[in-house]
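In what follows, a structure is listed as C-alpha cells, so that the remarks can point back to it.
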Amino acid sequence: AYKMDQFVMTDKHGPVNKDENRPSGTGEADYEPSYWAGYYDRSAYYSRDFVHQATGGQIAGLEEENYNMFKTFAEGSTEARKWYTLWCYNFDGTPHTIDYKDDSWFVREVPAQFELVEKAYKQYLWSGDERYISDEMFEFYTNVMTKFVEAHDTNGNGVAEGTGGGIFEGTASYNERSGEKLLESGDSIGSQYQATLAYAGILKARGDEQGAKEWYQKAADLKKYFNEEWSVV
C-alpha cells in the first residue's frame, strides 16, 4: 500500500532530472516543499497534474507544498518565454530538463496557464491564505490574463492560441495524441473562461470592485463567443 509521505518531497534530499532514461538523474539536491505530481519515475511535478491534485493536497494538509509549487510556476512565467511558465519542475524548484531545453524549446500547453490561475484562486477560497492574492502572485495572474493572451492571439478574437506544432512548440490542447494541428481548442477556451472568472474573483478579493465587474463581463463575453460563434459550424 502507498503511504502519503512517500509522495511528499518536503525537506528530503534526492536526485534531480531523474526520468525513465536517467534513473539516477544528473545530480542531487535538497528538496523544497513539494509533492509528486506526474510520472513516478521522474523527480518532478507537472503543471497539469499538480493543478488537478491541489485541492486534494489542501484537504490532506499540504498547504505549504501547494503554495510553494504555485509560486514556482508563477516565477517561471517570463517575457523570454512569451509569458508561459514551464511544464514541470524538479522537487528543488529547478527546471526538469526532460521537458526544458531552453527558453525557445520547452513543453507547453495553453490550458495549463489558465488552470494555474483558476486553481490558485480555488486554493485561496479553500484556505483563506492571502498569499494567493498578494502582489507577488497577482503579477503572474495579470500577466497570464493580459500579456500571455495578447502574445498568443494572432487573429484578434481574444483567445490564446497554440502554434499548431508539437508540445515543445506550444499546443492548444491537453490532447497530446490527436495529431491535429490545432491553433485553438475547446478545452483551452474553457480553461481561459474559468481563469477569467477566477481573475475577477481575485480582483474582488483585493478590493477592486470595478476591475472585478469588468472581468466578469469579459468572462460572459467569452462564453457568449464560444457558444454562439466559435463552436457553431
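Based on protein heavy atoms only, the chain ends up with 48 Å² per residue of surface accessible to a 1.4 Å probe.
Annotation for region 79-119 versus region 149-166: alpha-carbon center distance of 17 Å.
Computed from phi, the 3J(HN,Hα) profile of region 171-177 under the Karplus parametrisation 6.51, -1.76, 1.60 (θ = phi - 60°) reads 9, 7, 10, 6, 6, 8, 10 Hz, with x in place of Gly and Pro.
Quick one: pull the percent of accessible area on region 139-204 belonging to carbon and sulfur, 1.4 Å probe, ligands and nucleic acids left out.
On the way: 1350 of 2810 Å².
Whole-percent figure for carbon plus sulfur exposure: 48.
Within 10 Å of each candidate Cβ there may be at most 16 other Cβ atoms; applying that plus a DSSP loop requirement, which trypsin sites (Lys or Arg not before Pro) in region 197-233 survive?
Passing both the DSSP loop test and the Cβ count: 206.
Taking all C-alpha pairs of region 56-204, those more than 23 Å from each other amount to 34 percent.
For region 92-107, the Karplus equation 6.51 cos²θ - 1.76 cosθ + 1.60, evaluated at θ = phi - 60°, returns couplings of 8, x, 8, x, 7, 6, 5, 10, 9, 9, 7, 6, 10, 9, 8, 5 Hz by residue, with Gly and Pro reported as x. Pairs of Lys residues in region 102-213 are counted when their Cα atoms are under 23 angstrom apart and they lie 8 or more places apart or on different chains; the count is 9. With contributions of -39500 (n - 2.57) from each DSSP H run of at least four residues, the per-residue ellipticity at 222 nm computed over the chain stands at -11500 deg cm²/dmol.
The values are calculated or read from the model by the stated rules, or taken from the named source; none is laboratory data. Small disclaimer: the values here were computed from a predicted structure and weren't measured. We place every Cβ from the backbone using ideal geometry, glycine too, and count neighbours over all the protein chains shown. Heavy atoms of the whole protein, side chains included, go into the accessibility calculation; ligands, DNA and RNA do not. Shrake-Rupley method; radii C 1.70, N 1.55, O 1.52, S 1.80 Å.
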